[in-house]
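Novice: Please find one structure pasted underneath; my questions will follow.
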Amino acid sequence: MAGYCNKCGRPLPESGVCSCETKATGRRRAERSLDGLLRLWVGCLKDPVGVSRLSAERRDFRSGLTLLLASVAVSLLSVLLLTLRYAASRITRAAVQWLVTGLFAPVIAAVLTFLLLYALTSITRMRVDLRSVVAAIGTGAVLPMTVVALSVVLSLFHQTVFTVFCVLSFAAWALSFFLLVTQVFSIRLTPAVCGVMVAGMTAGYFAVALLRDWMLAALF
């Protein structure tokens with residue numbers, strides 16, 4: 001006879017492991033994963049260059065990919081909160097706008113960062129491991145997404161804050177990208193490199209501005 005569980009008192013299955021132990025183990029793993037993600041997020045804010053460089057050196061693409069997914073989640077929830085604050089009665093009409101803006105703003109930033117890094121490494125004939133790039137882009141996404149989340153919280157008090165912080169969010173992304181180029185991957189700022197960076201940042205700014213205006217037109 002298998003006996004009974006010492007924790008919940010239910011009969012043990014043939015495996016001898018109660019389901020309450022399995023659930024508790026899964027819960028502890030989830031808590032550790034969340035705690036690790038929060039620690040990594042805070043670490044990226046405290047020392048963005050050091051954490052990005054270390055992640056790139058270790059080729060820690062899993063952490064980079066996790067941070068990118070977390071950034072998308074933060075962006076999506078932030079835009080949803082803004083929509084509920086100012087257009088709760090019209091949320092179905094504004095659903096396309098907040099979904100597209102929340103999902104695609106961080107995706108556009110990540111894709112643009114990847115394309116620009118690829119172009120810059122090609123110009124300078126550098127060989128960079130794809131896993132290192134993903135790790136660096138993920139850690140670099142923390143600062144702009146933190147600014148986005150802060151902007152939405154402050155926008156709950158006044159709508160104009162969102163417009164101001166859209167510019168600050170872009171500035172945070174531009175700063176993160178500049179640090180990735182110069183400090184993490186040590187790419188020299190030649191005229192060709194500067195030209196590609198300026199062109200890419202200009203394209204990024206107009207993409208953010210268009211998404212912002214499209215979103216605000218649906219809310220107000």
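Novice: Take the conditions over 19 Å from A207 (Cβ atoms), modelled with pLDDT under 85 and assigned to a helix (DSSP H, G or I) and apply them to R93. Does it pass?
Specialist: Values: over 19 Å from A207 (Cβ atoms): yes; modelled with pLDDT under 85: yes; assigned to a helix (DSSP H, G or I): no.
In short, no.
Novice: Still on this structure, I have one more. Tell me which residues, restricted to the stretch 155-197, are farther than 30 Å from E57 by Cα, exposed (fewer than 14 other Cβ atoms within 10 Å of the Cβ) and of a type outside the set (S, T, N, Q).
Specialist: F157, H158, V164
Novice: In addition: Restricting attention to the stretch 82-103, which residues are buried (at least 16 other Cβ atoms within 10 Å of the Cβ) and touching a residue at least 40 places away in the same chain (Cβ under 8 Å)?
Specialist: Listed by number, the residues that qualify are L82, T83, Y86, A87, A94, Q97, W98, T101.
Novice: Identify the single condition in (1) under 24 Å from R188 (Cβ atoms); (2) buried (at least 18 other Cβ atoms within 10 Å of the Cβ) that S151 does not satisfy, given that it satisfies every other one.
Specialist: In the conditions (1) under 24 Å from R188 (Cβ atoms); (2) buried (at least 18 other Cβ atoms within 10 Å of the Cβ), S151 misses (1) alone.
So that you can scan it fast, the table gives a plain yes or no per residue for (1) at pLDDT 85 or above; (2) in contact with a Ser or Thr (Cβ under 7 Å, 6 or more places away or on another chain); (3) among the aliphatic types (A, V, I, L, M):
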| position | (1), (2), (3) |
| --- | --- |
| E31 | no, no, no |
| D35 | no, no, no |
| V42 | no, no, yes |
| P48 | yes, yes, no |
| L54 | yes, no, yes |
| R59 | yes, yes, no |
| L65 | yes, no, yes |
| L68 | yes, no, yes |
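Novice: Looking at the stretch 36-78, which of the residues that are in a helix (DSSP H, G or I) and charged (D, E, K, R) is nearest to V184 (Cα to Cα)?
Specialist: Of all residues in the stretch 36-78, those in a helix (DSSP H, G or I) come to 36-46, 48-58, 61-78.
When the remaining residues are screened for being charged (D, E, K, R), the result is 39, 46, 53, 57-58, 62.
Values: R39: 20, K46: 16, R53: 5, E57: 9, R58: 12, R62: 18 Å.
Looking at the filtered set, the residue picked out is R53.
The values are calculated or read from the model by the stated rules, or taken from the named source; none is laboratory data. This is a predicted model, so every value here is computed, not measured. Cβ: placed from backbone, ideal geometry, glycine included. Neighbour counts: every protein chain shown.
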